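Notes for the one structure printed next.
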Amino acid sequence: MTARKKALITGVSGQDGSYLAELLLAKGYDVHGIVRRNSEFTSRRLDRILFHERFTTHYGDVVDTSSLHTLLARVGPSEIYHLAAQSHVAVSFSVPDYSAQVNALGTLRLLNAIREVDLKARFYQASTSELFGGLRGTEPQHEGTPLTPRSPYSTSKLFGYWTVRNYREAYGMHASNGILFNHESPRRGRNFVTKKITQAAARIARGEQEMLRLGNLDAVRDWGYAPEYVEAMWLILQRDVPCDLVIGTGTAYTIRQFAEMAFAVVGIELGWSGQGADERGRDRRTGAVRVAVDPVYFRPLETERLRADPRLAERTLGWRARTLAPALARLMVRYDIVHDEFGFPDLVDDADVARRMEGRT
Ligand code: NAP
Ligand code: G4F
């Protein structure tokens with residue numbers, strides 16, 4: 001009888017980690033996840049699988065080298081998905097040193113620990129489209145696009161990206177970079193722009209919030225659906241040859257357009273007036289201001305325009321994004337209408353949505 005495959009996921013309590021753990025359990029893996037100590041449990045996204053017989057969590061931290069050595073030796077995984085990160089770009093300007101400790105050195109520590117315990121594991125690195133910097137005229141970005149990162153988050157991830165390539169070449173490790181464009185879901189953290197918008201649209205529809213404050217409405221993003229992106233991570237590690245691949249939809253919208261799509265789900269058509277910090281989005285029917293620009297959300301440096309050229313991934317993995325931004329906005333708003341917090345299942349039925357929307361303003 002062949003042994004079950006064993007995977008280790010860092011960042012398992014995050015958006016992607018939770019979907020990836022579910023995917024791997026469904027594929028029959030033993031799944032081990034590293035969680036760090038917090039002042040409160042952060043396992044809400046894992047509620048569905050916490051007591052699964054093939055799912056185990058371990059305390060650890062990617063800034064703690066000894067915990068990584070101990071866990072690698074104890075678990076002995078055949079696949080490692082390194083997703084742990086200080087993943088918020090704006091926050092990285094406030095905590096640049098910490099972001100580098102976690103994102104850059106954390107990746108180095110993990111790769112080095114794999115080598116030192118002499119583990120023959122395949123390694124996936126959560127690289128990011130932020131590496132490209134998003135300067136106008138560089139889109140669509142592909143594997144050969146120059147890397148010009150524009151935040152402490154992105155420079156820390158650049159270090160991780162190159163460390164993966166160096167360890168692959170120097171030591172023959174099966175180490176790959178998935179260069180993923182933005183991917184979202186009902187489980188997205190509430191301080192990322194899509195979730196902030198969809199949750200506000202739902203609350204405004206329920207009469208629980210007046211207005212939403214946002215930063216740069218002109219930034220362009222290529223948004224996909226997280227459960228589909230974790231499939232790409234798995235496919236990358238199933239290849240015999242390690243690789244660096246761009247994963248995205250190939251479509252892109254401004255923040256303003258995403259807000260329009262989200263508010264349309266609750267029957268609010270936004271009309272825009274003013275410019276820069278004075279721009280406002282009004283409900284065309286009532287004239288009420290529903291979106292305002294607040295410069296507090298502007299970043300010291302912005303990644304302006306990201307749109308993927310995912311053709312290489314389509315050819316090599318047979319992977320293609322199926323859920324595009326309009327459908328994504330719809331499923332996220334519908335979820336937020338029913339749940340104001342994480343709750344499960346992710347997808348909601350029409351009756352629930354209709355019940356919640358009864359009596360809306
Ligand atoms: P996320 O929701 O912010 O999750 C990050 C995870 O990392 C959480 O489980 C967090 O634990 C954990 N973590 C943070 N610092 C840690 C540390 N020092 N030691 C151990 N664990 C730590 O991020 P995500 O959206 O799932 O993204 C997953 C990865 O993909 C990240 O590396 C991110 O940079 C990268 N990425 C994301 C996207 C995207 O659009 N989502 C695109 C490209 C790349 P807590 O729960 O305790 O905070
Ligand atoms: O949702 P965001 O915070 O995501 P961002 O900065 O693109 O980063 C995410 O995607 C990366 C992949 O490209 C990941 F590597 C990273 O870990 C993370 O998952 O912001 C998207 C855009 C930005 O241009 C930002 O300036 O939305 C703009 N924005 C406008 N108003 C806002 C807001 N972003 C946030 N978070 N909050 C706002 O109020």
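The values are calculated or read from the model by the stated rules, or taken from the named source; none is laboratory data. The model shown is predicted, which means the values in this text are computed figures rather than measured ones. A quick note on method: Cβ atoms are made from the backbone with ideal geometry, for glycine too, and the neighbour counts reach across all protein chains shown. With ligands, DNA and RNA removed, areas are computed over all heavy atoms of the protein, side chains included. Shrake-Rupley method; radii C 1.70, N 1.55, O 1.52, S 1.80 Å.
Before moving on, here are some points about what is shown:
- Spatial offset of the range 1-15 relative to the range 85-137 amounts to 19 Å, using the alpha carbon center of each.
- Relative contact order [Cα under 8 Å, 6+ residues apart], the range 78-161, whole percent: 44
- When you filter the trypsin sites (Lys or Arg not before Pro) in the range 114-197 for DSSP loop state and at most 14 other Cβ atoms inside 10 Å of their Cβ, you are left with Lys120, Arg136, Arg190.
- Alpha carbon convex hull of the range 146-258, volume per residue in cubic angstrom: 128
- Antiparallel bridge percentage (DSSP; both residues within the chain; nearest 5): 20
- Cα gyration tensor shape of the range 1-118, rounded if a/c is under 1.5, else prolate or oblate by comparing a/b with b/c: oblate
- Stokes-Einstein D for the chain, Kirkwood Rh over Cα pairs, 37 °C, 0.692 mPa s (µm²/s): 155
- Accessible area per residue in Å² at 1.4 Å probe, computed on the chain: 44
- Of the trypsin sites (Lys or Arg not before Pro) found in the range 271-329, those that fall in a DSSP loop while having at most 14 other beta-carbon atoms within 10 Å are Arg284, Arg285, Arg320, Arg322.
- Put simply, when 29-42, 256-269 are sorted by average Cβ atoms within 10 angstrom per residue, most first, you get 256-269, 29-42.
- A DSSP coil position with no more than 16 other Cβ atoms inside 10 Å describes the following GluC sites (Glu not before Pro) in the range 141-198: Glu143.
- Projecting the Cα atoms of Gly106, Gly207, Gly133 onto the dipole axis of the range 51-210, where Lys and Arg carry +1 and Asp and Glu carry -1 at the beta carbon, places Gly207 farthest toward the positive end.
- With every protein chain in place, the range 37-139: carbon and sulfur % of accessible area (1.4 Å): 51
- The range 84-204 - Kirkwood radius from inverse mean 1/r over Cα pairs (Å): 15.7
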